[in-house]
Amino acid sequence: MPEPALVDDVSPGSPNRLPNGVAVSLRGVTKRFGVVTVVDGVNLDIAEGEFFSMLGPSGSGKTTMLRMIAGFELPSEGSVLLKGRDVTRLPPFDRDVNTVFQDYALFPHMSVAQNVAYALRVRRVPKPERTRRVDEALATVRLDDFGSRRPHQLSGGQRQRVALARALVNRPAVLLLDEPLGALDLKLREEMQVELKGIQQDVGITFIFVTHDQQEALTMSDRIAVFAEGRVEQVGTPVEIYERPTTEFVAGFVGTSNVLSPDLARALVGRDETSTIRPEHIRIVAPGREPTSEEMHTAATVRDVQYLGAFVRVRTETAGGARMVVDVPTASDTLAEIVAGTQCTLAWRAESVRAIGDTKSTNTEGAT
Amino acid sequence: MATTTIDPMNNRGGLRRRISRVLYQRPRLRLALLLGGPLTWLLVAYVGSLVALLVTSLYHFQSDPTGLVQRLVTTPSTTNYQRVIDTQVYRTVAFRTIGAALAVTVIDLLIALPVAFYMAKIARPWVRRALVVAVTMPLWAGYLVKGYAWRAMLDPAGGVLHEVFGRSPGFGLSGTIVTLAYLWLPYMVIPVYSGLERLPNSLLEASTDLGAKAGRTFVKVVLPQIRPSIVAGSIFTFALTLGDFYMAQIVGGTTQFLGNIVYREFSANLPFAAAYATVPVVIMIVYLAAARSSGALEEL
């Protein structure tokens, strides 16, 4: 393939400026189905070797965005650049990109080895090299002895690995993963998260990972783009996304946040803008004790107590009418005193409060 | 409306309740009630008539020494079968019929594949529904009506094909094959369509994603996946053509199919007609066995 001309993609000082080369560049990508705009002017730069997640609720456009990078859908507007080369209108078979599908899409009539060898056969790779690369790919996903099995003889987790090996065998520039862990049970999903991240670091290929699971995105990603209604709400590292959400949507969707309107913020935390505070940053002061001098505090009524294993989620309402969610560790000694209907004191440190340049006020809870 | 309280633990209750309770406790009785009727029908009507056919085929006629009177010999013998095998014309007709059945099957498959693919994978839902209706619509029209309609199409002197294209296969073997291919097309389109509908789009996408173009995707991914549907469709088109005799009379000119011989001999020599009628039965058994050994029937 001729060396593609690199487009000067990122203006200096842009928050998207990347240290490595740019693997994928999305320029004002928009997708409309009839009158519905599913993806709305998305601009993103994804670095080479990056584990990049597109996180959002269902219907936020993240999967459609992925399908446009793969070439399964044509954008209505905008362009998709792969290593600086415009591939917007290229068919999937001409893109140096492979996909791990949500349902794995393994060919049921082929063995595991034949599935993995498919892309190599298409490219007429000679048999000895083909066999070697298939073995390598299966070893990468720890399925060395499974080559002769049929997909229906494998467990969900094993099928997932075959799909991964099949997509990696070609060493694509970018690997696209469409909610690949969605069908697995929790325990297996957590194992696969670790393993997937490990494989990504080993092979050094750019991963673009679509998920609606914020925990998954936080655990695995180098950077996350949070999608809502076809737009990118925020791009950043997991820490930035979690600690410094720039929109109310992000604050609510990623983890659980108490979002305070400017009025409530003024009364409770002494700020004039919409502010958030995470439930784990608030503590309930044991009766008869006082908040420390650095802490801000307010009186509240306990509305509801929910046992969640490692912690207890307490929903409270302050005198000013703000609903505050507080997470109390199960080991905490104040737990016995927290009963629905009783009064309590909430306390937090001023630096736990984050401002959002936004106006509305609600208490939003994301999927946990 | 008055309400009745039912005590579920009460052992009495109405008659229907008691019957239901007996049925609940006796699974074999339930099965007997479910299948008794249909099984009786199958045994008497299907197996019974087949046995009668086979038994009849083992009889034969024998001339008495004067040559004036034919006598029916009911001692089982293979005389009729010997005659089928030894007579050139009966062999020719059998092979012609098999050839026509294969030709009809291939023609229907070639038409059904693109149509069914469009219906299952490309058409919008309302177009898809309209096409399902359109494809099955000819089944609502009478068999004879369609036969005579095709007579009007094929007529070498002034038929529709002759008028529009200036040429027509005319009445004969090809005309019969064309007509039968038209008649049995829905039986191929519908199974192939439902097979393609069950095929996940992601398999097609995975194939292109891995670098394959349309041709390879079709041969390596689509065809192996819908093979059971194609076999199912071909069983219809093949068997229906094998058993047909009336289209050969309407549009076949002098062409004879297996059925035409059976029909002709039926009044003159019933045992021989019965023997000849087992030929398509045997062919279908062979065809089904071949389909089965290819593994295509397992996923039906």
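The values are calculated or read from the model by the stated rules, or taken from the named source; none is laboratory data. Predicted model only: the values in this text are computed from it and were never measured. Positions of Cβ are backbone-derived with ideal geometry, glycine not excepted, and every protein chain shown enters the neighbour counts.
Details
- Residue B:158 vs. criteria on the phi > 0 side of the Ramachandran plot and out of contact with any His (no Cβ under 9 Å at 6 or more places or on another chain): yes
- Residue count for region A:129-182, restricted to those that are out of contact with any Asp or Glu (no Cβ under 7 Å at 6 or more places or on another chain), more than 24 Å from residue A:224 (Cβ to Cβ) and among the aliphatic types (A, V, I, L, M): 9
- Subset of region A:1-23 (residues that are surrounded by 12 or more Cβ atoms within 10 Å (Cβ to Cβ) and either at pLDDT 95 or above or small (Gly, Ala, Ser) (or both)): A:21, A:23
- Exactly one residue among B:239, B:268 is farther than 14 Å from residue B:93 by Cβ and under 16 Å from the mean Cα position of the chain (by Cα), and that residue is B:239.
- Residue count for region B:97-150 satisfying the condition of being closer than 18 Å to residue B:232 by Cα and free of Cβ contacts under 8 Å to residues at least 40 places away in the same chain: 3.
- Within region A:150-173, the residues that satisfy the criterion of being of a type in the set (A, V, I, L, M, F, W, C) and not in a helix (DSSP H, G or I) are A:154, A:169, A:173.
- Scanning region A:221-246 for residues that are among the polar types (S, T, N, Q) and closer than 20 Å to residue A:210 by Cβ turns up A:221, A:234, A:237.
- Residue list for region B:271-300, restricted to those being hydrophobic (A, V, I, L, M, F, W, C), in contact (Cβ under 8 Å) with a residue 40 or more places away in the chain and surrounded by 17 or more Cβ atoms within 10 Å (Cβ to Cβ): B:272, B:274, B:275, B:277, B:279, B:283, B:291, B:296
- Of all residues in region A:95-112, those being closer than 21 Å to residue A:209 by Cα and either at the interface with chain B (Cβ under 7 Å from one of its Cβ atoms) or in a helix (DSSP H, G or I) (or both) number 5.
- Close pairs (6 angstrom Cβ cut-off, 6 or more residues apart or separate chains): of a type in the set (Val, Ile, Thr) in region B:55-77, part of a strand (DSSP E or B) anywhere: B:73/B:60; B:73/B:62
- Among the residues making up region A:67-77, a single one is closer than 24 Å to residue A:192 by Cβ and more than 9 Å from chain B (Cβ to nearest Cβ): A:69.
- In the set (1) assigned by TED's automatic domain parsing to the domain that holds residue A:41; (2) without any contact (Cβ under 8 Å) to a residue 12 or more places away in the chain, the condition left unmet by residue A:289 is number (1).
- Boolean, residue B:210 is at pLDDT 95 or above and within 17 Å of residue B:113 (Cβ to Cβ): no
Condition check ((1) surrounded by 15 or more Cβ atoms within 10 Å (Cβ to Cβ); (2) over 30 Å from residue A:45 (Cα atoms)) across all residues:
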| position | (1), (2) |
| --- | --- |
| A:244 | yes, no |
| A:263 | no, yes |
| A:271 | yes, yes |
| A:276 | yes, no |
| A:287 | no, yes |
| A:307 | no, yes |
| A:321 | no, yes |
| A:330 | no, yes |
| A:339 | no, yes |
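- The single residue among A:176, A:138 that is part of a strand (DSSP E or B), assigned by TED's automatic domain parsing to the domain that holds residue A:203 and crowded, with 17+ Cβ neighbours inside 10 Å turns out to be A:176.
- Members of region A:113-127 found to be within 8 Å of chain B (Cβ to nearest Cβ) and farther than 20 Å from residue A:178 by Cβ, listed by number: A:122, A:123
- Number of positions in region A:289-303 that are charged (D, E, K, R) and either in contact with a Ser or Thr (Cβ under 8 Å, 6 or more places away or on another chain) or crowded, with 16+ Cβ neighbours inside 10 Å (or both): 2
- Single match in B:72, B:23, B:102, B:68 (criterion: part of a helix (DSSP H, G or I) and either over 30 Å from residue B:173 (Cβ atoms) or at pLDDT below 90 (or both)): B:23
Residue-wise test of (1) surrounded by fewer than 23 Cβ atoms within 10 Å (Cβ to Cβ); (2) of a type outside the set (D, E, K, R).
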{"site": "A:186", "(1), (2)": "yes, yes"}
{"site": "A:189", "(1), (2)": "yes, no"}
{"site": "A:193", "(1), (2)": "yes, yes"}
{"site": "A:200", "(1), (2)": "yes, yes"}
{"site": "A:209", "(1), (2)": "no, yes"}
{"site": "A:217", "(1), (2)": "no, yes"}
{"site": "A:226", "(1), (2)": "no, yes"}
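- Among residues of region B:228-245 being of a type outside the set (A, V, I, L, M, F, W, C) and without any contact (Cβ under 8 Å) to a residue 40 or more places away in the chain, the one that is nearest to the other protein chains (Cβ to nearest Cβ) is B:229.
- Selection within region A:78-94: residues that are crowded, with 17+ Cβ neighbours inside 10 Å and of a type in the set (A, V, I, L, M, F, W, C). The member of this set that is farthest from the other protein chains (Cβ to nearest Cβ) is A:81.
- Residue count for region A:80-104, restricted to those that are at pLDDT 95 or above and of a type in the set (Gly, Ala, Ser): 0
- Within region A:248-268, residues that are among the basic types (Lys, Arg) sit with their Cβ atoms under 8 Å from residues that are in a loop (DSSP other than H, G, I, E, B), at 6+ positions apart or across chains, in these pairs: A:266/A:272.
- Candidates A:298, A:292: the one that is farther than 30 Å from residue A:56 by Cα and in a loop (DSSP other than H, G, I, E, B) is A:292.
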